[in-house]
């Protein structure tokens with residue numbers, strides 16, 4: 001599956017100041033979990049695009065490597081935290097947690113959108129900036 005490019009919501013909120021960015025790398029244990037995880041990722045993508053405060057997002061799926069990358073930007077940390085604590089994200093992440101081989105998350109503040117994948121990957125690869133490696 002190719003990269004789903006940066007997409008902003010139909011009516012994005014103003015991004016006058018700094019924005020909160022979150023990137024993740026999610027790796028599944030088994031190839032057999034990929035189809036259901038991809039379906040869940042697309043459901044969550046729709047949810048996030050409809051969430052208050054979202055500025056945009058992107059997804060890279062590497063199904064044969066059992067790896068998914070997410071990138072999103074938010075008006076602020078509160079908007080991002082509220083979105084990830086809602087359904088279906090909350091339930092789906094609990095469901096897939098035991099199926100994960102590993103995951104990394106990083107958040108940072110940026111001056112605008114869109115955010116590049118080069119920047120996200122660089123930050124995910126630097127251990128001192130990763131706060132959610134499992």
From the options 26, 49, residue that is within 17 Å of residue 12 (Cβ to Cβ), under 12 Å from the mean Cα position of the chain (by Cα), surrounded by 14 or more Cβ atoms within 10 Å (Cβ to Cβ) and touching a residue at least 12 places away in the same chain (Cβ under 8 Å): 49
Scan the range 60-80 for residues that are surrounded by 15 or more Cβ atoms within 10 Å (Cβ to Cβ), over 11 Å from the mean Cα position of the chain (by Cα) and closer than 27 Å to residue 29 by Cα and jot them down. 61, 66, 67
Which residues, counting only those in the range 54-86, are without any contact (Cβ under 8 Å) to a residue 40 or more places away in the chain, touching a helix residue (DSSP H, G or I) at 6+ places or on another chain (Cβ under 8 Å) and not in a helix (DSSP H, G or I)? 66, 86
Evaluation of residue 104 against (1) in contact (Cβ under 8 Å) with a residue 60 or more places away in the chain; (2) surrounded by 17 or more Cβ atoms within 10 Å (Cβ to Cβ); (3) under 29 Å from residue 11 (Cα atoms) (one fails), failing number: (3)
Please name all residue pairs, on different chains or six or more residues apart, with Cβ atoms under 7 Å, provided the first residue is in the range 112-134 and is within 16 Å of residue 27 (Cβ to Cβ) and the second residue is modelled with pLDDT under 90 and surrounded by 12 or more Cβ atoms within 10 Å (Cβ to Cβ). 124/130
If a residue must be in contact (Cβ under 8 Å) with a residue 40 or more places away in the chain and touching a strand residue (DSSP E or B) at 6+ places or on another chain (Cβ under 7 Å), how many such residues does the range 29-46 contain? 3
I'd like the full set of residues that are in contact with a strand residue (DSSP E or B) (Cβ under 8 Å, 6 or more places away or on another chain), outside any strand (DSSP E or B) and modelled with pLDDT of 85 or more, limited to the range 3-28. 3, 8, 9, 18
Taking the range 116-134 and keeping residues modelled with pLDDT under 90 and outside any helix (DSSP H, G or I) leaves 126, 130, 131, 132, 133, 134
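The values are calculated or read from the model by the stated rules, or taken from the named source; none is laboratory data. Keep in mind that this is a model prediction, so the values were computed, not measured. Ideal geometry is used to build each Cβ from the backbone, glycine not excepted, and the neighbour counts take in all protein chains shown.
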